[in-house]
Amino acid sequence: MAKPAAEAKPATGAEAAPVAKPAAAAKPVAGSGRAPAAKPVAGSGRAPAAKPAAEVKPAAGTEAASASTASAKTARVLPVRLTQAQAAHRLKRSGLSWKSTGGCVDRTIGQCTSLDTVRRTTVASVIALKRASGCPIVITGGTEVGHAPGRYSHAKGYKLDIQPNSCVNDHIIRHYPFDGIRDDGAPLYRAPNALYARELDHWDILFFDTPTS
């Protein structure tokens, strides 16, 4: 009886042939402009969230420059001359008063005491006189008609008349040097920003422009 054929044995090493491994994921070509996909966080199965772009900060000094520009645009321009209402408000607020023989403020009438178109620096200077002297100040002449003309006149807003009293008389004579006699006989006293002329029934004061407001 014929012997059964010997069982064919696999070639040496065939039993241990390893299972083929899957091909490794292709890496992006250098210079392709594409970054490799983000690796998932270990055990989470989710890719990490992308970081937000850094906040762009304004250049140094930008905020200060903007604020300065805004301030310049809103800066208030001070007027050279004031209306009757503006001048009266400033004087009243500082404790000064005024009166006229006609009880009026119309600058076209000589019996009135008007402050219309008076210079801002003139009002500031008479207020400064009150503060420096501590005396009551009553204005009896302003920009109304009837005063002597000239470049630095009542009509131009440079001069005011005030009522004399012992307090203001003493302050002017004691603090400001005598500066001669005017053509009409009025004694003159000169201050750094004003020239006081003592007329019969009032002080005629020329106020020079000053930086006060």
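The values are calculated or read from the model by the stated rules, or taken from the named source; none is laboratory data. Predicted, not measured: the structure shown is a model, and the values here were computed from it. Here the Cβ positions follow ideal geometry from the backbone for every residue, glycine too, while neighbour counts run over all protein chains shown. Just so you know, the surface numbers come from the protein's heavy atoms only, side chains and all, with ligands and any DNA or RNA stripped out. Shrake-Rupley method; radii C 1.70, N 1.55, O 1.52, S 1.80 Å.
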Out of the residues in the stretch 186-213 meeting the condition of being surrounded by 10 or more Cβ atoms within 10 Å (Cβ to Cβ) and among the aliphatic types (A, V, I, L, M), tell me which one is farthest from the chain's Cα centre (by Cα). Ala186
Would you mention how many residues in the stretch 154-170 are open to solvent by 40 Å² or more (accessible area, probe 1.4 Å) and among the hydrophobic types (A, V, I, L, M, F, W, C)? 2
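This table checks each residue for (1) surrounded by 17 or more Cβ atoms within 10 Å (Cβ to Cβ); (2) without any contact (Cβ under 8 Å) to a residue 60 or more places away in the chain.
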residue: Leu82; (1), (2): yes, yes
residue: Thr101; (1), (2): no, yes
residue: Gly134; (1), (2): no, yes
residue: Gly141; (1), (2): yes, no
residue: Val145; (1), (2): no, yes
residue: Tyr152; (1), (2): no, yes
residue: Gly180; (1), (2): no, yes
residue: Asp184; (1), (2): no, yes
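Can you say whether Cys167 is within 16 Å of Leu96 (Cα to Cα), in contact with a Cys (Cβ under 6 Å, 6 or more places away or on another chain) and assigned to a loop (DSSP other than H, G, I, E, B), as far as the supplied structure shows?
no
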Select from the stretch 129-163 the residues that are within 20 Å of Leu200 (Cβ to Cβ) and either among the polar types (S, T, N, Q) or not in a loop (DSSP other than H, G, I, E, B) (or both) and list them in ascending order. Val138, Ile139, Thr140, Gly141, Ser153, Lys159, Leu160, Asp161, Ile162, Gln163
So is Arg119 among the charged types (D, E, K, R), under 16 Å from Thr140 (Cβ atoms) and either buried (at least 20 other Cβ atoms within 10 Å of the Cβ) or modelled with pLDDT under 95 (or both) or not? no
Considering (1) under 34 Å from the mean Cα position of the chain (by Cα); (2) surrounded by fewer than 17 Cβ atoms within 10 Å (Cβ to Cβ), say which one Arg174 fails and leave the rest. (1)
Counting only residues that are part of a helix (DSSP H, G or I) and free of Cβ contacts under 8 Å to residues at least 40 places away in the same chain, the stretch 112-128 contains a total of 1
Which of (1) in contact with a Gly (Cβ under 7 Å, 6 or more places away or on another chain); (2) surrounded by fewer than 21 Cβ atoms within 10 Å (Cβ to Cβ); (3) farther than 20 Å from His175 by Cβ; (4) not polar (S, T, N, Q) is the odd one out, the single condition Lys130 does not satisfy? (3)
